[in-house]
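Quick notes on the structure that follows.
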Amino acid sequence: MNTVWAIAFVVILELIRKKDFYVLFVLTALITLVMGTVNFFNDDNIVRYLKEICLLLIWISSLVISISTAARQVPAEKENRTIFPLLAKPVTRAQLLLGKFLGCWLACGLALVLFYVFFGAVAASREHAWPVAHYFQALVLHWAALAVIIALTLAGSIVLAAPSSTVTITFVVVAGILYLGGHLDKVALRTGGVAGVALHVIYFVIPHLELFANVRDLIIHNWPLVPWLVWFGALLYAAVYAAIFLLIAWLLFRRKALNI
Amino acid sequence: MPWLRLTALVVSAFTLATVLEPALRQWSRRKAQAQGVLAALMGDSRRLFANHLFVQSDVYLHGGYYPSIFDQSERPPDAATKPAAARQAAPRDDDHKRKDGEHDEHSEACDHDFLGRPRNWIDAFGRNFFPSQHTHLGEGKAGMAEAREILPWLKLSAELDPQRVETYVVAAYWLRQMNKETEALQFLREGLRHNPDSYDILFELGLCYENKNESALARNLWEISLRRWQEQQSRRERPDHLMLAQLLTHLARLEVRAHRPDVAVKYLETLKTISPHPEEIQKRIEEVKAGQPFEVEKKP
Amino acid sequence: MEAILKIDNLRVEYRSREMGQGIKVALNGLNLSVSQGEVFGFLGPNGAGKTTTMNVLLGFVNATRGRACLFGTDVRKPIARQRIGYLPELTYYYKFLTAEELLRFYARIFRIPNPERESRIDAVLKLVELADARTRQIKTYSKGMQQRAGLAQALINNPDLLILDEPTSGLDPIGRMKVREIIQRLRSEGKTVFFSSHELGEVETVCDRVAILSQGELKAEGRVSDIVKQHQCDLEQAFLRIIGYSTPSLQ
């Protein structure tokens, strides 16, 4: 595990030292603050639109950070040939993948904490309340969804050579799941036939990331907490999918030639 | 020789500038009048966005509990296309409206039931993660003030598509519910600038003035609204009788209050011709003739 | 003497990506043994199979047949690489890290305990003369400094076997001299060094034994002095004869 943590730490350092995160955070903060200054019918207590915009930007930013960071990890190791001195040490490919995953995930977690603190501050400035338990639930669920997305991206980056292809395809897949994932069974019922069966299979196979993203609405509209047991179940659900994607990534990577 | 060339170049540049400048000014002025910055940037796609934002206001009215496009395709056509915020904001005080109200209840029932029974374990599990109970803003402890949350989307929708009359009317309705007549008036005037012939906006403006006890102004606006309606709708195959009924009812009530029952009866007679329940209107006419008070809210 | 590095009948085949090219044999029946404390030069023209051999030893490439062991452990097991240091031909490191951070990273991989880790980092940075630049990011280093940083990472675990892939390539004369000095110092400390190079003069200076590879096969192996004596010429000419390159001057 020491090796995995060491690799993860380098990934975190990389994210801290690159500008991507700062640019996205500043952009999110700027757009939110500008939207916050807009006067809607002289009412200073309107807050939900601001929460919606801020959370949407946080989700977009987190997707950009997680997918772009995870997509370039293994290809960049190969392209910069840093993988050779690394694998020349007592490091297995499984440890390398696990370290990369953990690094991306922890780095995204750190970024999320900062984003959610900002979100909390924005909401509190108007609502004068800190529903910490709600924010905690939303943050952890968001982070769990990112675990699945990062694992999926890592698996994609083993198959696809160019990080740009991985980024694009993963974005399309994730956006597709977020937007359509929960409705595929309805479409399947209406479609019928072979296509309907195929859609049903896809519905039951894909990770339903929309569950995690939908929590935004509970936060925006001040709905009660998700029951803790259900919340924990969602974390397990994400953990299973992340593990499956990591396993696929490892199976693809373990025998893959390193293009020496 | 180079000086000669330079002079020729400067002279031709000035000549070209004097020829092009007026045409350019005229073009840019026309452009500025016709379209705002958003229109120039987004073209007609702004109308799509405006519609999305308008629907968003309805999502907010329901505290996020809202059918997706996949759920909407399984609902009756009108329930699917007309947001509840707009339905709620639509007039409710005459026979036509009562009919519409009945339809509203049906649509609301559709909204309420759009989730149905869980289709599978993912669906059942997923319902814990989004608002899955029917609700309306204003029903909570915060009261009608909570409805303020729908306003930004209406404002933004109007920014994107100033020609969409419904946005101004719905926003004004909710502003009036929150006792923000001044803001409602301001917003309606803005709408009127973009849609000077809109009888809907004129009617809504009249309602605002009536709320402010400025009956003369209200009457004036409703009369103009009635004229606009006649200009635009009377020759249509399927005129907007719902709006006309609204106007006639409100005008009749004002006239009764102003102790001019004859004028009120005249409006009610017209109303009788378009009402699906003329006998109810006839009863009302007789009440007015007998000198009984006339309240719009009173159910016939 | 104990064989630290042992290769038995090693064969490596690559499946060619080009249509109709079939299988390419990179190494064929290679046998090699390097004892403790030796500085072993691995020579051969481009494409001879030197890098493939190193890649097998480092676990990057799997052998089609045969076996390679480091310290008696099969190279396919990661633990076989616990006591080795590897310096690639070109510097491939995380350029956003400082030399200190890079060494700390690799030290953690080798599970060097914390107090020892820091003293080890100090020692290797001093050895490769990067102590003053230790807190600068590697991307700000010159090529020579980067190569020395590479050498430092190869030494961080105090390895018993160093595998160096053309360690002086691309360095200026001073840089080469420094690398040579470090190799000789390691030899004096009883370390085993296995390195490939095209610089035959350098090999002659520092190596105890050499192996000459051509077209995936071992053509010669032995002490430098023995090879020179056997061919009655200098190492460069002997090398050219062994690999089958003939020029009028050689004839």
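Annotations for the structure displayed:
- Extending 7 Å from Cα along the Cβ direction at residue A:179 and again at residue A:45 yields two label points whose distance is 3.7 nm.
- For region B:135-179 versus region C:193-232, the gap between their alpha-carbon centres in whole angstrom: 86
- Pairs beyond 21 Å (Cα-Cα), from C:50/C:229; B:212/B:272; C:126/C:191; B:212/B:266; A:18/C:143: C:50/C:229; B:212/B:272; B:212/B:266; A:18/C:143
- Contour minus Cα-Cα distance for residue C:35 and residue C:8 (0.36 nm per residue): 8.3 nm
- Once the Cβ-Cβ distance of residue C:67 and residue C:225 is raised to the sixth power relative to R0 = 35 Å, the FRET efficiency obtained is 0.70.
- Averaged over the residues of peptide A:218-226, the number of Cβ atoms from other protein chains lying within 10 Å of each residue's Cβ is 5.
- Note on residue B:258 and residue B:18: their simple-model spin labels are 6.0 nm apart, each label 7 Å out from Cα toward Cβ.
- Across region C:83-96, computed HN-Hα scalar couplings (Karplus, 6.51 cos²θ - 1.76 cosθ + 1.60, θ = phi - 60°) run 10, 10, x, 10, 10, x, 4, 10, 6, 10, 10, 6, 6, 7 Hz from first to last residue, x flagging Gly and Pro.
- C-alpha center-to-center spacing [region A:81-151, region B:45-65] in angstrom: 32
- Subtracting the Cα-Cα distance of residue C:132 and residue C:76 from their residue separation scaled by 0.36 nm leaves 16.3 nm.
- Efficiency of FRET between residue B:212 and residue A:56 - r from beta-carbon atoms, R0 41 angstrom, step 0.05: 0.60
- Counting only Cα atoms, the protein assembly as shown measures 137, 89, 56 Å along its principal axes, largest extent leading.
- In Hz, Karplus ³J(HN,Hα) per residue of region A:134-141 (6.51, -1.76, 1.60; θ = phi - 60°; x = Gly, Pro): 4, 5, 4, 4, 5, 5, 5, 5
- Hydrodynamic estimate: the Kirkwood radius of chain C over Cα pairs, inserted into Stokes-Einstein at 25 °C and 0.890 mPa s, corresponds to D of 129 µm²/s.
- Model label sites at residue A:124 and residue B:238, defined 7 Å from Cα along the beta-carbon direction, differ in position by 5.5 nm.
- Charge dipole (the protein assembly as shown, unit charges on Cβ, about Cα centre) - positive-most of C:12, C:239, A:202: C:239
- Residues listed by number, region C:149-169, amide nitrogen under 12 Å from residue C:119 label point at 7 Å toward C-beta: none
- Among A:56, A:189, A:154: highest mean-square fluctuation, GNM of chain A, C-alpha pairs under 10 Å: A:189
- Among A:15, A:149, A:87 - extreme Cα towards positive end, dipole of chain A, charges at beta-carbon: A:87
- Computed from point charges on the beta carbon alone (+1 for Lys and Arg, -1 for Asp and Glu), the dipole magnitude for the protein assembly as shown about its Cα centre is near 2200 Debye.
- Total charge dipole magnitude, region A:2-254, about the Cα centre, Cβ charges on Lys, Arg, Asp, Glu only, Debye to nearest 20: 740
- Listing C:233, C:207, C:69, A:108 from fewest to most neighbouring C-beta atoms within 10 Å gives C:233, C:69, C:207, A:108.
- Dipole magnitude of region A:1-69 about its Cα centre (Cβ charges: Lys, Arg +1; Asp, Glu -1), debye to nearest 20: 220
- Taking amide H as placed 1.01 Å from N in the peptide plane, residue C:26 has its amide H under 5 Å from the amide H of C:12, C:13, C:14, each at least 5 places away in sequence or on another chain.
- Just checking the listed ones, C:104, C:187, C:15: in the Gaussian network model of chain C with Cα springs under 10 Å, the one fluctuating most is C:15.
- Our summary gives chain A a relative contact order of 27 percent, counting only alpha carbon pairs under 8 angstrom and 6 or more residues apart.
- Per residue, the convex hull spanned by the Cα atoms of region B:142-190 amounts to 55 cubic angstrom.
- Convex hull per residue volume in Å³, alpha carbons only, for region A:46-141: 96
- The relative contact order of chain C comes to 25 percent, based on Cα pairs under 8 Å that sit 6 or more residues apart.
- Karplus-derived HN-Hα couplings along region A:113-129 (A = 6.51, B = -1.76, C = 1.60, θ = phi - 60°), whole Hz, x at Gly and Pro: 4, 4, 4, 6, 5, 4, 4, x, 5, 4, 5, 5, 4, 10, 8, 6, 8
- Applying 1/(1 + (r/R0)^6) with R0 = 45 Å to the Cβ-Cβ distance of residue A:18 and residue B:120 gives a FRET efficiency near 0.60.
- When you filter the GluC sites (Glu not before Pro) in region C:39-143 for DSSP loop state and at most 16 other Cβ atoms inside 10 Å of their Cβ, you are left with C:129.
- GNM on chain A, alpha-carbon springs under 10 angstrom: the most fluctuating residue among A:58, A:150, A:83 is A:83.
- Distance between the C-alpha centres of region A:1-29 and region C:29-64: 38 Å, rounded to the whole angstrom.
- Per residue of peptide A:76-88, the mean number of Cβ atoms on other chains within 10 Å of the residue Cβ is 6.
- Mean Kyte hydropathy of -1.0 or more with a Cα span along the axis of at least 30 Å, helices from DSSP in chain C: none
- Between helix A:163-180 and chain A there is an angle of about 40 degrees, using the helix long axis and the longest principal axis of the Cα atoms.
- Full-stretch length increase - residue A:198, residue A:135 - with 0.36 nm per residue and alpha-carbon distance subtracted: 19.0 nm
- In the protein assembly as shown, the calculated helix contribution to ellipticity at 222 nm averages -20000 deg cm²/dmol per residue, counting -39,500 (n - 2.57) for every DSSP H run with n ≥ 4.
- Shape analysis of region B:120-247 based on the Cα gyration tensor places the equivalent ellipsoid semi-axes at 33, 19, 14 Å, largest first.
- When the Cα gyration tensor is reduced to axis lengths a ≥ b ≥ c, the ratio a/c is 1.5 or higher for region B:197-300, and with a/b not above b/c it is classed as oblate.
- Normalising by residue count, region A:136-260 has a Cα convex hull of 133 Å³ per residue.
- Under-5 Å amide H pairs with residue C:194, H placed in peptide plane, nonlocal only: C:40, C:162, C:163, C:164
- Stokes-Einstein D for chain A, Kirkwood Rh over Cα pairs, 37 °C, 0.692 mPa s (µm²/s): 167
- Neighbouring partner chain Cβ atoms per residue of B:181-194, average, 10 Å criterion: 1
Readers should treat all values here as calculations from the given coordinates under stated rules, not as data from a laboratory. On a predicted model such as this, the values are computed, not experimentally measured, just so you know. Because the Cβ atoms are built from the backbone with ideal geometry, glycine has one as well, and the counts that use them run over all protein chains shown.
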